[in-house]
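Here, each number is a calculation from the coordinates, and none is a lab measurement. Quick caveat: nothing in here was measured; it's all calculated off a predicted structure. Using ideal geometry, Cβ is built from the backbone for each residue, glycine included, and neighbour counts are taken over all protein chains shown.
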Amino acid sequence: MFQDRFGVAHLLGSKEQVASYIKREVAEIDSDSEVSSYTEQCGWRGNYLRVDLRAIRDSVISVEELADGFIRSSDYGITIDSVALTDWSNEWHTIMQICRSELTSIDGFERDSVELAKLLSAHKYVVHHSRKYNECYAPHYRIVHRRVADKLLR
C-alpha cells in the first residue's frame, strides 16, 4: 500500500546503480520458478505495479528497460514530507481497520502493527521484508508506475 501511494522516490539511485542491483537480483532467482503474471498491483489505488524480475530472466524485457522504467516512474510519485506522512498514517489506520479481521491470523501481525505505528508516528517509513516474507513470496521485483509498465510490457 505504501509503495502504491508514494512510488519509488525513497528507493532511487542512479540508473547504473539500479541496473546493477537488478542484475544481481536476477542472478538470485530460482531458474525453475514459474510466474503466472509478470506484474502485480501494489495497492488499492493501482498506481504502481510490481514488475517481477523473472520478466528479465524470461527475456520479456531487458535490465536496461526495467531500470529506465523504474527511474521514469519517479516522475509520478509524490514528495515524502511530514504532511504526506501524516496523511499516509491516517490512511494506513483506515486500511488496518478494514483489513484487521483478515490479517490477525498472520504470525507477528500484532507485533508488526505496533512497530509500524511507532515508525509512522515518528515520520519514519522504511522497513524491509521479513525473512518469512522472503521465504513465502517472490521478493524480486521493481516498482513501476502503471503508465510506464503498460509501455514496457506491451
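Spin-label model, residue 97 to residue 41: label points 7 Å out along the Cα-to-beta-carbon direction sit 2.3 nm apart. For the chain, adding -39500 (n - 2.57) for each run of n ≥ 4 DSSP H residues and dividing by the number of residues yields -15500 deg cm²/dmol at 222 nm.
Of all lysines in the structure, the ones whose alpha carbon falls short of 26 Å from that of residue 23, not counting any fewer than 8 places away in one chain, are 15, 132, 151.
Label-to-label distance for residue 123 and residue 31 is 5.0 nm, based on points extended 7 Å past Cα in the beta-carbon direction. Mean silhouette area of the chain, derived from the convex hull of its C-alpha atoms and averaged over all directions, reads 9.5 nm². With a simple spin-label model that places each label point 7 Å from the Cα along the Cα-to-Cβ direction, the separation between residue 15 and residue 112 comes to 3.5 nm.
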